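Beneath this line is the structure, given in structure tokens, with notes to follow.
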Amino acid sequence: MKKIFKPETLMMSHGYRPELSEGSVKCPIFQTSTFVFNKAEDGKSFFEVAYGLREVGADEHPGLIYSRLNNPDMEILEDRLTLWDGAEACAVFESGMAAIATALFEFLSPGDLLLFSNPLYGGTSHFVHHVLTKFGVEVIGFKPHATREELEKLIIESGKSDRLKMIYLETPANPTNDLVDIEMCRNLADQFHKEGEKPLVVVDNTYMGPLWQHPLKHGADLVLYSATKYIGGHSDVIAGASLGSKELIQRIKTLRTFLGNMIAPHTGWLLMRSLETLKLRMEKQAENAQVVAQRLAKHPKIKNVHYLGLLTPLDGKDYEIYQKQCSSPGAMVSLELVGGESEAFTFLNNLKIVKLAVSLGSTESLAQHPASMTHAGIDPQEKLEYGITDSLVRLSVGVEHVEDLWWDLEQALEAVPEPKLEFDEAMI
Ligand SMILES: *Cc1c(COP(=O)(O)O)cnc(C)c1O
């Protein structure tokens, strides 16, 4: 019987054969633009596969041609990434935005309808509102906690239900940790199928993945990542990935070949190095986040903590979705201070270990102010609807010693002025 190893075991070996690289234990950086063919017949045969003129044979490994099409650091990284999500195939990119933009361009055409969850990552939001619309794609966003009936109504009232092509989700939402039910969106997409062609369900899983949420298992067709975040995990690289069926990823790879936004060999190599400690890092981050979130929730200067680990059955639907969809509360904690922007800024300006920076999922803890930073571009009214208030601070918890982290958060909170009373006591 063939033993099936866990992804964390396979991160050190999967897809790599030392004998092809002078016995090197580690996959070298194949810093080369092009590859030598043994004979002209090989070149011809490799190109036939690359151009889709024939299928790859059962035992055949597609030959290396040119680093915009394929490169060992790119391909081995792709093979390893499929293991976490249980995906058939993966395509890696030089940024998360490249992975997202390529998927949207490949599967949407002029006249199609895209339904998406709000709030979206800033870059994605810009791409959807300012680039896709320029190409004639109709885009409709929905609010956190929208029900299936409300989504159905949005689609029907758009008058374009026959052109629904994709439902695009971010769950948990950044920065509020609001959840969207992937399975519900799958059923909704199937309801609007046309001649057997079903609208795609696409999930940006950056906030939870690839460890704590596996959207493909809940009916999604594609999973997208900013690999800059947990996958890279050290705030030293920008990269992205998309995962799904062989068929969908092949289409994405073909467009990638012509956009030329594939990952570079060195970036691929860095991510393989990161993947070896992915589980260790993410588990430690989640463990620290749990402690920090629970203590923050009890702090008198904190009004509210948005963290999946604090959900209870009283939270209704969100709790149900969390139980069904996520295997951990993750390491993203958003806190609302008593007060407004001034209190949030005082808190941020006094942090000593936690760095004041955007991005997330890295070994070091990071904090930022969504309303004026990552989500500054959102309309003020919409910001309030999505719960992005002036006193909200987003915290990405790292792998530091948890007591050092808590010391830092507590002393920064101490620097925040005492909450003002509702009315002036001197007036009585
Ligand atoms: C960072 C991020 C992106 C964009 O990724 P880049 O690697 O910066 O291009 C997309 N989605 C989410 C949720 C992100 O956090």
*To the nearest 10 degrees, how steeply does helix 72-85 sit against the main Cα axis of the chain, on a 0 to 90 scale?*
50 degrees
*Under 5 Å between amide H atoms, partner at least 5 residues away or on a different chain: which partners does His306 have, H built in plane at 1.01 Å?*
Ser334, Leu335, Glu336
*For the Cα atoms of the chain, what angle does the longest principal axis make with the long axis of helix 182-191, in degrees from 0 to 90, nearest 10?*
60 degrees
*Straight distance only, please: which lysines reach the Cα of Lys303 with their own Cα at less than 20 Å, same-chain residues fewer than 8 apart left out?*
Lys383, Lys420
*Protection-proxy order for peptides 3-9, 120-126, each taking the mean of Cβ atoms within 10 Å per residue, highest first*: 120-126, 3-9
*Using modelled amide H (1.01 Å from N, peptide plane; none on Pro or chain starts), what sits under 5 Å from the amide H of Val139, excluding residues fewer than 5 places away?*
Leu114
*Straight-line reach from Lys246: which lysines have a Cα under 20 Å away, not including same-chain ones fewer than 8 places off?*
Lys165, Lys198, Lys217
*Could you run the Karplus curve 6.51 cos²θ - 1.76 cosθ + 1.60 with θ = phi - 60° over the range 111-117 and give me ³J(HN,Hα) per residue in whole Hz, x for Gly and Pro?*
x, 6, 10, 10, 9, 9, 7
_If packing is taken as the average number of other Cβ atoms within 10 Å across a peptide's residues, how do 132-142, 177-187 rank, most packed first?_
177-187, 132-142
*asked:* Using amide H atoms built in the peptide plane, which far-off residues or other-chain residues are under 5 Å from Leu356 H to H?
replied: Ala367
*Karplus couplings for the range 368-377 from phi (6.51 cos²θ - 1.76 cosθ + 1.60, θ = phi - 60°), rounded to Hz, Gly and Pro as x?*
7, 10, x, 4, 9, 10, 4, 10, 4, x
*asked:* Can you tell me the orientation of helix 402-414 relative to the chain, as the angle in degrees between its alpha-carbon axis and the longest Cα principal axis, to the nearest 10?
replied: 40 degrees
*Can you give the helix-only mean residue ellipticity at 222 nm for the chain, where every DSSP H stretch with n ≥ 4 adds -39500 (n - 2.57) and the sum goes over all residues, rounded to the nearest 500 deg cm²/dmol?*
-10500 deg cm²/dmol
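No lab work stands behind these numbers, since they all come straight from the coordinates. Source: prediction; values computed, not measured. Cβ atoms come from the backbone with ideal geometry, glycine included; neighbour counts cover every protein chain shown.
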